[in-house]
Structures are given as C-alpha cells and as structure tokens.
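First up is the structure itself, then whatever we jot down about it.
The values are calculated or read from the model by the stated rules, or taken from the named source; none is laboratory data. As the structure is a prediction and not an experimental result, all values here were calculated from the model. Every residue, glycine as well, gets a Cβ built from its backbone with ideal geometry; the counts of neighbours run over all protein chains shown. Accessible surface is based on the protein model in full, side chains and every heavy atom, while ligands, DNA and RNA are left aside. Shrake-Rupley method; radii C 1.70, N 1.55, O 1.52, S 1.80 Å.
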Amino acid sequence: MKSLYITIFSILISCQLLEAQLLTPYTLYRDQWGVINPASISNNFTLDEYTFSLSATNRHQWLGNGFNYDYSPNTQLINFEGVLEFNKIVVGGHVLQDRTGDLSNLGFYGRFAYMISMDRFAKQVLSIGLAAGVLQNRSMIDGSDTEYFDSPEEGIIPGSILKPDVSIGIYYFNEDIWYAGVSIPQLLSLDSEFGEDQIAYSLKQPRHYYVVAGGYIPFDFFGFGDGSSFLELSGWGRYLPIRQSKADSFAHLFRIDGNVRYQHSQIAWVGFGIGSDLATDFSTFHAEFGFIGGEQLNLSNGQLKVGLAMDFSFGEGVRRLGPSAEINVIYAWY
C-alpha cells in the first residue's frame, strides 16, 4: 500500500498540480445531504418529525491491502442540523477531516436555510440554503524525503494553508412522498499553493454540481409491520470540470448513482446501489444495512440509528485499491 501511494503521488507531482479536494462520495449520502447541499432537510425530520439530529461518520477507502491508516484515504465527519421557528428555519454545521497519506484537510462549516411553504398546509416545501466555513489544507510532504524524490527538492516543504469555502443549494420536498435538490459545493474553487520560493504543487478545490432526487413507496415486505415500512428509490448525479494543469483545457467528470432501500417499520433497513463515472470505466456496487432504536432503548423523544455500508470498485486501474467501508451513527430528537 505504501508503494501504491508513492506511485500515485509521483504521477501527480510530475504534473505540478494536485487535483485534490474532491468531495467524498458517501455511501450513506442520505444522512450527509447537509454537507453537499446546505438547503437539504434531514429525513429524520421529513419522515419522523425529529427537529434535531447529530451524526458522526467514518469512511475508509482502499481496503484492498488491509486497513492502512498511514496511506489510504480516511474521512471523518460530525454533522448537526436543527429545524427552528415553526419549521421555517434550518441551522446546522459540520466538522470535516479528510486525509490521504501526507495530504489532509480540516474544515469547519456553518449552514443556514429558509423553508418556503408551497401550499397552505406546508406539505410542499422549497428550501434555499447557504453554507460557509474555513478549510485548512495541510501537506507533510518533505522534499528531502528520499521515498518520494530521487534527489532533494529544497522548494517542497511541509505547510498548511487556510482558505474560505462556500456552498449554495435549493431543495424541495413533498411531505414524505418525494424530494429533489440542486447544489454547488466548493463554489469559490480556490487553490492552495505550496512551495517555498515558487509553486511546487497545488491542492485545488474544484467546484462541484450536484443533483439528488428520490421518493418513498409504502411497502411491507414481511406483511406484519406497523404501517411505517417503505421502499425508497433515490439517486444523485455529480458533475465537475477538472484541469490537469494551468495550461490545459478542462476535463469533465460525470458520476451518477442509483439506490434502492427497504426500511421495515422503525426497526432496520437494507439497501443496494450502483454508481458509475461516465467519463471512465470506474464503477461501484454498494450495499448497506442499519438498525433503528427508539422505544426499544427507552428513548421516548428520540431515535438512534446505526448504519454500515460497503463500496466495491470495478474497472481497470482501480480494482486493486479494494472496497471502501463506512459507518454512520445518528441521534435524532425533538
């Protein structure tokens, strides 16, 4: 795994521009919508009417050679959301840490959204949101490290850079029937340039474009539920232009992802999905399952959810990286 990371780094450093800061494609993305779309409303509210939710997520990638925390990508996230003022205002924020080998970032964000009722009963709602924060890009790459360089590179030294970050979005939901949203994370699309006397390499925050949509179908697979069982069909798409170097034209990356999830009452759920990068042959199959605890845990005004997911990659050049694993813990209350 160490040699694999060094090979990838060597290719990137030769281009003089590291295209980093691509947002993590969470498998359990329904509970991370506040990260990619500041206008989104948690399904803990739209389905179960819990006005507050707090979640913690840990995602680990490149598991083909085992859990190697020194070199494989690892993303950690803490996310909070609250619906206030007669269900018209949404506030929240998240702390995000992402690390791949000697490259890492740490971000702190706050978000605000305003919900506009589209009918007199507030069953159809349009939300407009904004998120803003600061992101610290950090590099521990040292030009004197012979593992990376055949000869010392005096201009490449460890360092960290702070940059502002902004996201915008809109989101619509029709009670517990269907939903859709459009957002632009990393709107500013800034570069963090490293190098002592001249630019040695850059960490870029490319602007993303997201669309999400889905719906709920009442369905009781086992036939003995409490009436709250459902089948959820959902999907998302991502587009971003990426430039390999400042002199090159833009390449265009498209990714689409479709999922189906069955939740039985307020007990458990299971789901499957397929994703694909349209510009490459890189595809993924994901599987997830989770458990829900409320009255079973004597939580009269709250609910605890624990979700586990795995991504399996397909395509030349990425198969050896192996699968990705993700765990998400959510506590929602009112």
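Structure above, values below:
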| quantity | calculated |
| --- | --- |
| List MET140, MET115, MET310, ordered by accessible area with a 1.4 Å probe, largest first | MET140, MET310, MET115 |
| Candidate residues TYR201, TYR239: accessible-area rank, largest first, probe 1.4 Å | TYR239, TYR201 |
| Highest-first arrangement of 125-137, 150-162, where packing means the average Cβ count within 10 Å | 125-137, 150-162 |
| Heavy-atom accessible area ranking, 1.4 Å probe, most first, across PHE282, PHE224, PHE86 | PHE86, PHE224, PHE282 |
| Carbon + sulfur, % of accessible area of region 85-128 - ligands and nucleic acids excluded, 1.4 Å | 61 percent |
